[in-house]
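Written below as structure tokens is the structure these notes are about.
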Amino acid sequence: MGEHVRRAPTRKPAPISLIGVIGELLITCAVILGLFAVWQLYWTSYQVEGPRAAAVQSFSQAHAPATNKVGERRIDDPPTVDSAALGSLYGVLHVPSWNWMKIPLGEGIGASVIDNGWAGHYEQTAQAGQVGNFSVAAHRRSYGNSFRLIDLLHEGDKVVVELNDHYVVYTYSSHEIVPADDETNIRVIAPVPGDLSFTQTPTQRIMTMTTCNPEYGNSERYIVHLTFDSWTPKSTGVPAELAQEPAA
């Protein structure tokens, strides 16, 4: 006698939950965004750190002062600086209050300059030491964090611009924060800062530094204005502000 063997019932696959799919997609997006943030904030700076230091060293060796002793402090008209080729390295910014930070100075504010960890000179603004508004831009976070500490510049702090044969010293004057999407924010780099018409004739030697704000965002721009203090010929030495600067 045989027995009828019944087959086990076939289970239907569980329906895919829409909420589950959305959850997995959100997790994937979060991982991708997290990796992008790490790349943007840290890896890009790691990549440019070596080449940036090499650029500073190369310029400093090619245009070394006659002596590392304190040189002549002058307040007359500094030498004229010729326009540099777009994308070229033509100076170094020294910021003593940022733990003696040295930042290569290049012509132009495009990615080929500031994504190297350099500070870029706005092409249509005055050159360092000239009457007018010598304006520069750099990343605050990513690609070297060049202007990361810009909000720590205060009254009395100095920024020294090293050029081929002389140094120009500027002193912190003021700062302001402007919306990044404000079409009138270009006024901060006008020959007379604040003059949106760009028609006023400058009478002062000014420096303006621009970067993103807040530190981990870019919805605003942090602006620092500085005024001319003095200049020092390299043939006489270095400015007093760099007398204690570490060699490396």
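Which one of Ser146, Gly237, Ser197 has its Cα pushed farthest toward the positive end of the charge dipole of the range 86-242, where Lys and Arg give +1 and Asp and Glu give -1 at the Cβ?
Gly237
Please work out how much length the chain gains when fully extended from Asp115 to His175, using 0.36 nm per residue of separation minus the C-alpha to C-alpha distance, in nm with one decimal.
The Asp115-His175 span can extend by a further 19.2 nm.
Is the range 168-226 best put as rounded, prolate or oblate by its Cα gyration tensor, with a ≥ b ≥ c the root eigenvalues, rounded for a/c under 1.5, and otherwise prolate when a/b is larger than b/c, oblate when not?
The shape class here is oblate.
Would you mind classifying the range 116-231 by shape? Square roots of the alpha carbon gyration tensor eigenvalues, ordered a ≥ b ≥ c; an a/c under 1.5 is rounded, otherwise it is prolate if a/b is larger than b/c and oblate if not.
Details: a/c = 1.64, a/b = 1.15, b/c = 1.43.
In terms of gyration-tensor shape, oblate.
How much length would be gained if the chain were fully extended between Thr203 and Ile22, taking 0.36 nm per residue of separation minus their Cα-Cα distance, in nm to one decimal?
Here the segment from Thr203 to Ile22 would lengthen by 59.1 nm.
Which aspartates and glutamates, on any chain, are close to Lys102 with Cα under 14 Å apart, when same-chain ones fewer than 8 places away are left out?
Cα-Cα hits under 14 Å: Glu49, Glu162, Glu241, Glu245.
Apply 1/(1 + (r/R0)^6) to the Cβ-Cβ distance of Asp182 and Ser97, taking R0 = 22 Å, and write down the FRET efficiency to the nearest 0.05.
It comes out at approximately 0.15.
Compute the distance from the alpha-carbon center of the range 180-248 to that of the range 93-134, in whole Å.
First find each Cα centre; the distance between them is then 9 Å.
Throughout, read-outs are computed from the coordinates displayed, never taken from laboratory work. Predicted model, so just to flag it, every value in this text is computed and none were measured. Glycine gets a Cβ as well: all are built from the backbone with ideal geometry, and neighbour counts include every protein chain shown.
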